[in-house]
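Remarks on the structure that follows.
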Amino acid sequence: MTILLSTGIWPVEDWQRPLAKLAPGRRVVVAGRDDYDPAEVRYALAWKPPEGLLAGLPNLAAIFSLGAGVDHILGDPTLPDVPLARIVDPDLTMRMTEWVVLQVLFHHRQTFGYMRQQRERHWDEIRQPAAKDVRVGVMGLGVLGRDAVEVIARLGFDTAGWSRSAQEIPGVACFHGEAGFDAFLARTDILVSLLPLTPETQGLIDRRLLSKLPRDGALGGAVLINAGRGGQQVEADVLAALEDGTLIGASLDVFETEPLPADSPFWSHPKVLVYPHVAAVSDANALTRLILRQIERVEAGLPPEHLVDRARGY
Ligand code: NDP
Ligand code: OXD
């Protein structure tokens, strides 16, 4: 019974080390590096695996995404029909909530303005609206979005969320589906994406969407915060919206192409904070423990938890 590791650009040792420590009896092989018999592989732990890799494993019992998202696995048209599970972990959730709250407060508290004033050695107050007058809208009310939206609401913001199916969250105005989308956007000053990347969300944050955000809110324009996936944003449209004042700022953790190319205008844009896909990078030790528990479930004849619904794409 072999575990196959395929970690993309992530350092493979980060996962190999905890696996060796926590499951010393198991054979772990690294795709593209080690020799192994594909017929012996029962479990694959993967982040952006090469297309076709998983199809070549005839006795695969389960695939575990090394992240919360699974678009990087579902994009493989040859993906074998075995259970696919994703990461759901309180530490990861907390890290994401920290990042989203940090970005909401960064823009709410006029930090770009104060950074500019500091460069200019200029001492002045910038108009500061109350949190209750700033409307935050979170797209995606799953494990991550729900936690983030609840904390933002507790900070006093006028908070809403949007999801595929109807949700109820105390203190949060919940919208859903296409029918609820325009009303959600019309009351959103700070737009946060914690959506998965699916055929429906690909390119969602485009000129049309951005034009529906209010320009007359308490911040004097809208803010985009994206930690979902870069494929959701049409970057030329985001840049155009920053230029024409629809957007007064953006915090982007994810991009159409990652790593972000050196010539991307985002790197030096004065209204954009760039993060290298780190909003919620969890401790590999904790995640390995979690995945090993799921492997034990499979070996006990149970399905892994946090299974992905392939038809929905998340
Ligand atoms: P979940 O599957 O728990 O939640 C997904 C949410 O998105 C659900 O509320 C779902 O609606 C909603 N949704 C999906 N499709 C649509 C749609 N077409 N229209 C409206 N709503 C939709 O995912 P998580 O919260 O765990 O993670 C979300 C994403 O965050 C991941 O897929 C990943 O891309 C990203 N991520 C990014 C990280 C980073 O470091 N930048 C780290 C971890 C995750 P419903 O409730 O109706 O099902
Ligand atoms: C994830 C991510 O999906 O890191 O967990 O983006």
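By DSSP, the beta bridges lying fully in the stretch 81-184 are antiparallel in about 10 percent of cases. Listed by chain and number, the aspartates and glutamates whose alpha-carbon sits under 13 Å from that of K48, ignoring those within fewer than 8 places in the same chain, are D71, D76, E258. Y114 exposes around 90 Å² of accessible area when a 1.4 Å probe is run over every protein chain in place. Couplings 3J(HN,Hα) of the stretch 254-268, computed from phi: 9, 9, 4, 10, 10, x, 4, x, 4, 8, 5, x, 4, 3, 10 Hz, in residue order, whole Hz [Karplus 6.51 cos²θ - 1.76 cosθ + 1.60, θ = phi - 60°; x for Gly and Pro]. Within the chain, DSSP assigns beta bridges of which about 5% are antiparallel (rounded to the nearest 5).
Counting every C-alpha pair in the stretch 170-314, the share spaced more than 18 angstrom apart comes to 64%. Mean sequence separation of contacting Cα pairs (under 8 Å, at least six apart), scaled by the length of the chain, corresponds to a relative contact order of 16 percent. Amide H contacts under 5 Å for A68: I87, restricted to partners 5 or more places along the chain or on a different chain, H placed in the peptide plane at 1.01 Å from N. Computed over the alpha carbons of the chain, Rg followed by Dmax gives 21.1, 68 Å.
Rounded to the nearest 500, the helix-only mean residue ellipticity at 222 nm of the chain stands at -9000 deg cm²/dmol, with each DSSP H run of n ≥ 4 adding -39,500 (n - 2.57).
For I9 and K132, what is the calculated FRET efficiency with R₀ set at 51 Å and r taken between the beta-carbons, to the nearest 0.05? The computed FRET efficiency comes out at 0.75. Estimated at the nearest 10 Å², the accessible area of I205 is 0 Å² with a 1.4 Å probe.
Ordering P265, I248, V308 by Cα displacement along the dipole of the chain toward the positive end leaves I248 in first place; charges were set at the Cβ atoms of Lys, Arg (+1) and Asp, Glu (-1). Amide hydrogen proximity for F175: with H placed 1.01 Å from N in the peptide plane, the residues at 5 or more positions away or on another chain lying under 5 Å are G161, W162, S163. Note on the stretch 95-173: dipole from Cβ charges, positive end direction compared against H107, P129, V149; the farthest Cα belongs to H107.
Here the dipole of the stretch 32-87 is about 220 debye; that uses its Cα centre as origin and unit charges on the Cβ of Lys and Arg (positive) and Asp and Glu (negative). Please state the shape class of the stretch 114-164: rounded when a/c is under 1.5, otherwise prolate if a/b exceeds b/c and oblate if not, all from the C-alpha gyration tensor. The shape class here is prolate. Here the relative contact order of the stretch 92-274, from alpha carbon pairs under 8 Å that lie six or more residues apart, stands at 17 percent.
Charged side chains reduced to their Cβ positions (Lys and Arg at +1, Asp and Glu at -1) give the stretch 90-153 a dipole of some 200 debye around its Cα centre. With the cut-off at 1.5 for a/c, could you classify the stretch 92-274 from its C-alpha gyration tensor as rounded, prolate or oblate? Oblate, since a/c reaches 1.5 and b/c is not below a/b. Net charge dipole, the stretch 92-274: roughly 380 debye, given to the nearest 20, about the Cα centre with Cβ charges of +1 for Lys and Arg and -1 for Asp and Glu. Here's the picture: charge each Lys and Arg Cβ at +1 and each Asp and Glu Cβ at -1 in the stretch 92-274, and of V274, V238, T93 the one pushed furthest to the positive end of that dipole is T93.
Working from Cα pairs under 8 Å separated by at least six residues, relative contact order for the stretch 88-191 is 25 percent.
The values are calculated or read from the model by the stated rules, or taken from the named source; none is laboratory data. Note that the structure is predicted; figures quoted are calculated from it, not measured. Cβ: placed from backbone, ideal geometry, glycine included. Neighbour counts: every protein chain shown. For accessibility, only protein heavy atoms count, side chains too; no ligands or nucleic acids. Shrake-Rupley method; radii C 1.70, N 1.55, O 1.52, S 1.80 Å.
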